[in-house]
Amino acid sequence: MGRRILQLVAYVLLAGCDLACATPLDVRVTDARGAPVADAVVTVVPQVASRESEALSQRAPRTHVIDQRNETFIPYVEVFRPGDSVIFRNSDRTRHHAYSFSSARQFDFVLGSGEDSPPMVLDKNGTIAVGCNIHDKMITFFYVTDAPWYAQSEKSGKARLDLPAGSYAIRVWHPLLPPSGHDEPRSIAVAADAPRDLAFSLQLMPDPRASMDRERVGY
Amino acid sequence: MATLMTHPIIRRTSPPQVVAVAPSRGSVRCGVVLASCLLMTSVALAEDISVRASADVRVTGGSGENSWTQGGFGKTRFGDGDAGTPFANAALSVHWQVTPAWSLSTDVRYQPHLGSALSLTEAFARYRPVSTGAWRWSVKLGEFFPPISLENDGIGWTSLWTLTPSAINTWIGEELRTFGAEARIEHRGEADTLSAGAALFGTKDPAGEILASRGWSLSDLVAGIGSRLREPDAYATSIGVAPPRRYDPFLEIDHRVGIYADAEWTSAQYGRLRALYYDNRADPSTYHPFGAGDDLFSWRTRFVSVGAQTQIDRLELIAQAMDGTTKVAPPGFASETHFSATYVLAGWNLGAWRPALRLDAFTTRQTPDFPPRMSEHGNALTFALNWRPREWLRLTGEALRIDSTRDARLSVGLAPRQVDTQIQLNARFLY
């Protein structure tokens, strides 16, 4: 009993330190023209593992639901931790597939209207491109990472992370990075109570979703 | 005119009284179109159906010659006398995913100026087994477009950049359709996709006739089952036929099988390249009794087509080129028409606004060269400004200028060189 109380106190102190000691890091992701880039995944790994980072890496797995609606995977990019599960949900009236032959995970589900796939565990780090064999334009990307801190950029291109003081490797990934354009990590040092801004400019490939309007059928 | 009257192409016998269209055949094809509409309507109640439709309301202005759609040599859909005429177009695309592997697709267009206003422009079944590996294969059976166009990707085989497609894709819409089977294999890599296909087809023997008799044109008319193409009245007269002479571009005359083979490379980073070789393998000495004293001959048509598409920031560039020959050989005579065309289109993706500029160049050259020459050369400049204020609405203003030289115009008292202009304002409602 006494040990449990001690554990609880330690967690509370840790959580308190997370809140009190965290320093905001604002990341701004833009494309080559300076336009904001949404759906970029920012991951942060400490140069030396700490108690906080290990606690975050060992969070309990959870289940993510990926919707198929209006012949579109929603969301376009989803971040998973190893051990998390995914369920595909077909919210359309038409039949869909969800398949991938990415090296990180191969799978195939056929989903009738209104159906959910069984949960599938993603256990390895990596990127997984998921498509629909019926509707070739449908695509979503899973980014599986054990990095303790991560965030996704919003429409404004901004992503915020709250980090304890320390040295980190930070990297930004986006599905439209060309195969040759790797997301090389950048080193940063975060001091307590010294908020930082960091800008990333990405050279991205054309977004195929720009052509997915209702007028386009494809011949 | 006297020289044209003795022009030997197509003419097997020469009585002038002619019925241009065989009505019984037309009625049957209209029935096919209506039956398809009914089928699509009933099928639309089922699940796994994707229905897309567009309706155009358009005002046009044209100057220059009489349009070829009215029997002239004019290269635009609307010419002298058509100015200000409001009209409507419509297209319906239905895709039914019957099983994960089998699908059915149909396209129906409503459009004045091609004989029957309603035509079935595509109707095919596709078998594509589910593949979770890099390789994927498929087979298509039915009526469908050969994989040539890089600009016509919209509902009913329309362009998302302009109202009027290029000269190359205008001709594909008019006379080229696969009635047969196509097999395809794809390799889907992480960075790019390679695709190769081959097809066997029939019902293609008049393909090429319009390029010889009229030459190239630029219009958004797409022929289908039920459509008839009109040849220039002066041409009909020259072969001893009372105009208007309209023919079905999709006829099987010699019962020989045509072929095409194509390859495509698609890269998310760089764009796509496409190449196709086409040979309808028609026997140019065979003919279809077309009416009293008029026979529609087969045209042996072969060509190579290449195309490229890329995107640089907001600028999309599309280029296509085509080079080939079409040959006809009535008894005691043979004529070959060499044809080539190319275009470059630059389109800007500026969100709701999408301006586009396209430059076309085209030639035909007939051998042997009878006076007045049936050969031609020309170029076209198209500017279109598209605005999508709503997802369901596309407003387009388009200006088209075609500068062409064709000696056959002498037969109707026109100078060989003509400049045709056409202005169109269009509202396209999308479903």
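Looking at B:Gly215, is it touching a residue at least 60 places away in the same chain (Cβ under 8 Å), assigned to a strand (DSSP E or B) and away from chain A (no Cβ under 14 Å)? Please lay out each step first, then the result.
Details: touching a residue at least 60 places away in the same chain (Cβ under 8 Å): yes; assigned to a strand (DSSP E or B): no; away from chain A (no Cβ under 14 Å): yes.
So B:Gly215 fails the test.
Hey, among A:Val172, A:Val86, A:Val79, which residue is away from chain B (no Cβ under 14 Å) and closer than 30 Å to B:Ser50 by Cα?
Just one listed residue meets the conditions, A:Val86.
Only one residue in B:Ala223, B:Ala242, B:Ala261, B:Ala234 is farther than 29 Å from B:Thr382 by Cβ and in contact with a helix residue (DSSP H, G or I) (Cβ under 8 Å, 6 or more places away or on another chain), so which one is that? Working first, answer last.
On the way: B:Ala223 fails: farther than 29 Å from B:Thr382 by Cβ; B:Ala261 fails: in contact with a helix residue (DSSP H, G or I) (Cβ under 8 Å, 6 or more places away or on another chain); B:Ala234 fails: farther than 29 Å from B:Thr382 by Cβ.
Testing whether each residue is farther than 29 Å from B:Thr382 by Cβ and in contact with a helix residue (DSSP H, G or I) (Cβ under 8 Å, 6 or more places away or on another chain) leaves just B:Ala242.
Identify all residues within region A:27-82 that are among the polar types (S, T, N, Q), part of a loop (DSSP other than H, G, I, E, B) and within 17 Å of A:Leu161 (Cβ to Cβ); write none if there are none.
A:Gln47, A:Ser50 - these are the residues of region A:27-82 that are among the polar types (S, T, N, Q), part of a loop (DSSP other than H, G, I, E, B) and within 17 Å of A:Leu161 (Cβ to Cβ).
Filter region A:38-86 down to the residues that are open to solvent by less than 20 Å² (accessible area, probe 1.4 Å), under 30 Å from A:Pro206 (Cβ atoms) and more than 14 Å from the chain's Cα centre (by Cα) and list them by number.
Once the filter is applied, which keeps residues that are open to solvent by less than 20 Å² (accessible area, probe 1.4 Å), under 30 Å from A:Pro206 (Cβ atoms) and more than 14 Å from the chain's Cα centre (by Cα), region A:38-86 yields A:Gln68, A:Phe73.
Pull up region B:233-282, narrow it to residues that are on the phi > 0 side of the Ramachandran plot and in a loop (DSSP other than H, G, I, E, B), then point me to the one that is most open to solvent (accessible area, probe 1.4 Å).
Selected residue: B:His255.
When the residues of region A:175-200 are narrowed to those that are within 14 Å of chain B (Cβ to nearest Cβ) and open to solvent by 80 Å² or more (accessible area, probe 1.4 Å), which ends up modelled with the lowest pLDDT?
By that ranking, first place goes to A:His182.
Note down all Cβ pairs under 8 Å where the first residue falls in region B:110-132 and is within 10 Å of chain A (Cβ to nearest Cβ) and of a type in the set (Lys, Arg), the second is open to solvent by less than 30 Å² (accessible area, probe 1.4 Å) and in a strand (DSSP E or B), and they're at least six residues apart or on different chains.
Close Cβ pairs (under 8 Å, with a partner that is open to solvent by less than 30 Å² (accessible area, probe 1.4 Å) and in a strand (DSSP E or B)) amount to B:Arg128/B:Ser103; B:Arg128/B:Arg136; B:Arg128/B:Ser138.
When you go through (1) within 11 Å of chain A (Cβ to nearest Cβ); (2) touching a residue at least 40 places away in the same chain (Cβ under 8 Å); (3) farther than 30 Å from B:Arg401 by Cβ; (4) not aromatic (Phe, Trp, Tyr) one by one for B:Thr203, which number turns out not to apply?
(1)
Residues that are under 30 Å from A:Val190 (Cα atoms) and open to solvent by less than 10 Å² (accessible area, probe 1.4 Å): list the strands (runs of 3 or more DSSP E) wholly contained in region A:94-160 that include at least 2 such residues.
Values: elements: A:96-102, A:105-111, A:126-131, A:139-144, A:149-152.
Passing ranges, in order: A:139-144.
Please enumerate the residues belonging to region B:169-192 that are at pLDDT 95 or above and within 14 Å of chain A (Cβ to nearest Cβ).
Scanning region B:169-192 gives B:Asn169, B:Ile172, B:Gly173, B:Leu176, B:Arg177, B:Thr178, B:Glu182, B:Arg184, B:Glu186, B:His187.
Which residues, counting only those in region B:296-320, are more than 18 Å from the chain's Cα centre (by Cα), surrounded by fewer than 18 Cβ atoms within 10 Å (Cβ to Cβ) and not hydroxyl-bearing (Ser, Thr, Tyr)?
If the condition is that a residue be more than 18 Å from the chain's Cα centre (by Cα), surrounded by fewer than 18 Cβ atoms within 10 Å (Cβ to Cβ) and not hydroxyl-bearing (Ser, Thr, Tyr), then B:Ile312, B:Asp313, B:Arg314, B:Leu315, B:Leu317 are the ones that fit.
Please work out which residue is nearest to B:Ala101 (Cα to Cα), limiting yourself to region B:138-164 and to residues that are among the aliphatic types (A, V, I, L, M) and more than 12 Å from every other protein chain (Cβ to nearest Cβ). Write out each step before concluding.
Narrowing region B:138-164 to residues among the aliphatic types (A, V, I, L, M): B:139, B:141, B:148, B:150, B:155, B:160, B:163.
From what's left, more than 12 Å from every other protein chain (Cβ to nearest Cβ): B:139, B:141, B:163.
Details: B:Val139: 10, B:Leu141: 14, B:Leu163: 34 Å.
Taking the candidates together, the pick is B:Val139.
Show me the strands (runs of 3 or more DSSP E) entirely contained within region B:375-431 in which 2 or more residues are of a type in the set (Ser, Thr, Tyr), open to solvent by less than 50 Å² (accessible area, probe 1.4 Å) and more than 16 Å from B:Leu163 (Cα to Cα).
Ranges flagged: B:393-406.
The values are calculated or read from the model by the stated rules, or taken from the named source; none is laboratory data. From a predicted model like this one, the values you see are computed outputs, not experimental measurements. So basically every Cβ, Gly included, is an ideal-geometry build from the backbone, and we count neighbours across all protein chains shown. We work out accessible area using only protein heavy atoms, side chains counted, and drop any ligands, DNA or RNA first. Shrake-Rupley method; radii C 1.70, N 1.55, O 1.52, S 1.80 Å.
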